[in-house]
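Report on the following structure.
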Amino acid sequence: MKKTALITGATSGIGRATAHEFAKHGINLVLCGRRQERLDSVQHALSEVTDVYTLNFDVRDRDQTFKAIASLPKEFQNIDILINNAGNAHGLDPIQNGSLDDWDAMMDINVKGLLYVSKAIIPGMTERKSGQIINIGSSAGKEVYPNGNVYCGSKHAVLAITEGMRIDLNPFGIKVGAINPGLVETEFSEVRFKGDAAADNVYKGYKALQAEDVAEVIYFAVSRPAHVNIADVLMFCTAQANSTTVKKSL
Ligand code: NDP
Ligand code: 8X3
């Protein structure tokens, strides 16, 4: 029987690439994001290949999140795979100069948004005693880099929450894991630098991970046999050794 996956942040980058990868393998999709025209275009691209339903909500908004997920039609209600991917960095400032709005955005989206979506999906999984949750963390969840302060904090929280989920959901046979990429060339830096030219240089002079590279690893994790759980993956492009060491040719 075909599985159904709910992917947050499916309008761009890693989430959108994961939607394409899952569709290729016949997984039904619930695609989430705030930009309706993007949701429509991904749905349009994939609905010949698999069944696709879209949900437009802001993960920061608790009520919107629960209402949207509760509104799923019957055939999309049983979520077998949850990909908690929606998130971004906002700003790259030393802590003494950081913006409260940026801090709110990162904690509200990357941490609390992930929790709201999980809270809405987990009861179905515990009831059915099956399911898989993959949280998209980051290398920033494993080490802290200069000016990364709150973003790194939000991703460290994602890793701690992942480990907690894995313990608590263990009696139900639910798999939980985190995929933690380093630099991935997506809209991430456009968002972090708010469209500033600084974003243009982030992926220059080396070949960063592409969203599809991460999507393939996510699919690997969801396609293991029932007794195998990929608990934690750290992945970098070859040019990157850690958060502060990137071999550039320029
Ligand atoms: P993108 O900016 O390309 O995609 C971010 C996605 O998150 C979009 O689909 C966006 O959709 C969604 N999103 C953002 N805010 C909200 C919100 N408030 N409510 C609902 N959806 C939201 O970035 P990436 O694909 O790179 O990022 C995806 C995940 O990967 C993030 O968690 C990020 O932290 C993580 N990551 C990224 C890395 C990188 O270098 N790119 C490296 C390691 C981890 P919309 O705007 O339509 O709502
Ligand atoms: C995104 C990668 O290095 O910008 O999580 O934090 S990094």
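Where a number appears in this text, it was derived from the coordinates with a stated rule and is not lab data. Just so we're clear, the structure is a prediction, and the values are computed from it rather than from any experiment. Reconstructed Cβ throughout: ideal geometry from the backbone, glycine too, with neighbour counts over all protein chains shown.
In the chain, helical runs assigned H by DSSP with n ≥ 4 each contribute -39500 (n - 2.57); averaged across all residues and rounded to the nearest 500, the mean residue ellipticity at 222 nm is -11500 deg cm²/dmol. For ASP232, the residues 5 or more places off, or on other chains, whose built amide H falls under 5 Å of its own are ALA178. With a cut-off of 13 Å, note down the residues of the stretch 47-70 whose backbone N falls inside the zone around a label point 7 Å from the Cα of GLU127 toward its beta carbon. Residues passing the 13 Å test: 70.
Residues of the stretch 78-113 falling in the label zone of ASN201, defined by backbone nitrogen less than 18 Å from a point 7 Å along Cα to beta-carbon, are 91-94. Within the shell of other residues whose beta carbon sits under 12 angstrom from the beta carbon of GLY177, the net charge comes to +1, with Lys and Arg scored +1 and Asp and Glu -1. Note on the chain: the alpha carbon radius of gyration divided by the globular reference 2.2 N^0.38 Å gives 0.97.
Could you give the length gained on full extension between ASP61 and ASN242, defined as 0.36 nm per residue of separation minus the Cα-Cα distance, in nm?
Working: separation 181, 0.36 × 181 = 65.16 nm, distance 3.38 nm.
Extra length available between ASP61 and ASN242 comes to 61.8 nm.
Of the residues ALA86, SER223, VAL144, the one whose Cα sits farthest towards the positive end of the charge dipole of the chain is SER223 (charges of +1 on Lys and Arg Cβ, -1 on Asp and Glu Cβ, taken about the Cα centre).
Each peptide in 215-221, 61-67 gets a packing score, the mean of other Cβ atoms within 10 Å over its residues, and the list from highest to lowest is 215-221, 61-67.
For THR65, neighbours were defined as the other residues whose beta-carbon sits under 15 Å from its Cβ, and their charges (Lys and Arg +1, Asp and Glu -1) total +2. Placing pseudo-labels 7 Å out from each Cα toward the beta carbon at LYS74 and ASP213 gives an inter-label distance of 4.5 nm. Using Cα positions and a limit of under 18 Å, work out the aspartates and glutamates in reach of LYS74, with same-chain residues fewer than 8 apart set aside. Reachable aspartates and glutamates: ASP51, GLU127. Other residues lying with their Cβ under 11 Å from the Cβ of VAL150 contribute a combined charge of -2, Lys and Arg counting +1, Asp and Glu -1. In the stretch 4-246, Cα pairs under 8 Å separated by at least six residues give a relative contact order of 20 percent.
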